[in-house]
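The values are calculated or read from the model by the stated rules, or taken from the named source; none is laboratory data. Computed from a predicted structure; not experimentally measured. Neighbour counts run over all protein chains shown; Cβ positions are idealised from the backbone, glycine included.
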Amino acid sequence: MIHLADALRTPLDYARLPHEELVDRIAARKAELNAVILGHNYQRVEIQAVSDFLGDSLGLSQEAAETDADVIVFCGVHFMAETAKILSPQKMVLMPDLRAGCPMADFVTADGLRQLKTRLPEAAVVSYVNSTAEVKAESDICCTSSNAVKVVESFAPDRTILFVPDRNLARYAAQRSGRAYLTTTELSREDVDVPPGAIVAWDGYCYVHDDLVLDELAQARAKYPDAKVVIHPEARRELLDEADYVSSTSKMVEIAEQHDTLIIGTERGLIDRLKQRFPEKTLIPLSGAAICGNMKMNTLAKLAWSLDHQQHEIVLDEEVRSRAEQSLRRMLELSGGWKAPSAEEAALEEAGVRRSGCGCA
Ligand code: 13P
Ligand code: SF4
């Protein structure tokens, strides 16, 4: 006779289990390992429901730096799990699916950044947290979507800044801080002049946000003329110029609290969550196509497998890790270190969400 436990070797085996059994297994194993589940706002609703902490990149890194757990299971994308390991090297950090990478982070390599630094040796290097540990190790400071302007403004106005890898967030930070802006593609022209204090942005982008277009916004506005508009700063400038608010994913939760009708320009996962939290409100996705397939690679089945088998463990070279930690710590110090979840975030976590999902691995 085959025992069930023997049969549960791969995530696909777990995908055959009923939803409730997966949820129970996750809870039991989590208690046994003294583990914490950190989930990004874009996760599937069933992953959000079992997460101990949900948030944006800044909140998640603050939580990863402070948690008392022995094991961190990260439901997000690879750079987020790496960030947790950088900040908590003594802990075991697990990811349910190693293929859940962030294509934007892959735009820039440490080698590419080193070459850029030789072109502008006096410049400060700001890396968006959506980057590899090796890139963070080559940087002076990190930033997230919620503190990019503050990080940029921490440098003297005439200091040139290399900003990697998101050209859109860099442009937004340049606009907000009154700095000149150019991309690495423009820099590669022989005759280009870099004005003092300019932000030189790596020409990378997020495929989910860069694809948001003005036509969709115009259509949504025509249908909901009284709606306010909030857009993530990874979107293009022409979209951001039209927005009432530009904010990180967690800040969008607070903005949704204040408005009955809101057009939201970001990934679907956050909007699904807001709709459950505020069923009485009209929350309109700016685009139905804004789905991050990488974030959605994490499933409940893979999460249960990850805890049971303590896989996939994030391992980092210590020299790279400690240099990357300095860039992250500088950012955290500038952002007030760790902050307790807001009342709204706590309410969202407690609210509970739909127990459904396709269950595929
Ligand atoms: P937030 O830090 O705003 O959650 O954004 C992370 C991200 O990957 C957005 O695409
Ligand atoms: Fe990366 Fe964009 Fe997905 Fe965020 S939404 S994880 S930036 S690809």
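Quick rundown of the values:
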quantity	calculated
Residue within the stretch 125-132 that is away from ligand 2 (no atom under 16 Å from the Cβ), more than 14 Å from Met331 (Cβ to Cβ) and not assigned by TED's automatic domain parsing to the domain that holds Leu58 present	no
Qualifying strands (runs of 3 or more DSSP E) (wholly inside the stretch 1-82; at least 3 residues being within 16 Å of ligand 1 (Cβ to nearest atom) and touching an Asp or Glu at 6+ places or on another chain (Cβ under 9 Å))	35-40, 53-55
Filtered residue count, the stretch 83-92, keeping only those that are within 15 Å of Met331 (Cα to Cα) and assigned to a loop (DSSP other than H, G, I, E, B)	0
Top-ranked residue in the stretch 86-100 [being touching a strand residue (DSSP E or B) at 6+ places or on another chain (Cβ under 6 Å) and surrounded by fewer than 24 Cβ atoms within 10 Å (Cβ to Cβ); ranked as farthest from His309 (Cα to Cα)]	Lys91
The one condition in (1) buried (at least 16 other Cβ atoms within 10 Å of the Cβ); (2) touching a residue at least 24 places away in the same chain (Cβ under 8 Å); (3) not charged (D, E, K, R) that Tyr224 fails to fulfil	(1)
Count of the stretch 180-228 residues which are at positive phi and within 16 Å of ligand 2 (Cβ to nearest atom)	0
Cross-chain or 6+ apart pairs with Cβ under 9 Å, the stretch 286-310 first and over 30 Å from Gln219 (Cβ atoms), then polar (S, T, N, Q) and in a helix (DSSP H, G or I)	Asn298/Ser306
Residue within the stretch 105-128 that is assigned to a helix (DSSP H, G or I), surrounded by 18 or more Cβ atoms within 10 Å (Cβ to Cβ), among the hydroxyl-bearing types (Ser, Thr, Tyr) and under 17 Å from the mean Cα position of the chain (by Cα) present	no
Residue count, the stretch 145-178 (criterion: buried (at least 24 other Cβ atoms within 10 Å of the Cβ) and either aromatic (Phe, Trp, Tyr) or part of a loop (DSSP other than H, G, I, E, B) (or both))	4
Checking Ser131 against (1) away from ligand 1 (no atom under 14 Å from the Cβ); (2) out of contact with any Gly (no Cβ under 7 Å at 6 or more places or on another chain), the condition it does not meet	(1)
For Ile231: the one exception among (1) away from ligand 2 (no atom under 16 Å from the Cβ); (2) touching a helix residue (DSSP H, G or I) at 6+ places or on another chain (Cβ under 6 Å)	(1)
Qualifying residue in the stretch 323-333 (condition: within 13 Å of ligand 1 (Cβ to nearest atom), in contact with a helix residue (DSSP H, G or I) (Cβ under 8 Å, 6 or more places away or on another chain) and over 24 Å from Leu217 (Cβ atoms))	yes
The stretch 99-112 residues that are touching a residue at least 60 places away in the same chain (Cβ under 8 Å), paired with ones that are charged (D, E, K, R) and in a loop (DSSP other than H, G, I, E, B) (beta carbon under 9 Å, 6 or more apart)	Met104/Glu234; Phe107/Asp203
Elements of type strands (runs of 3 or more DSSP E) contained in the stretch 217-301, each with 1 or more residues being among the small types (Gly, Ala, Ser), closer than 24 Å to Phe74 by Cα and within 11 Å of ligand 1 (Cβ to nearest atom)	none
Candidate set: the stretch 185-208, residues that are among the small types (Gly, Ala, Ser) and outside any loop (DSSP other than H, G, I, E, B); chosen: the one nearest to ligand 1 (Cβ to nearest atom)	Gly204
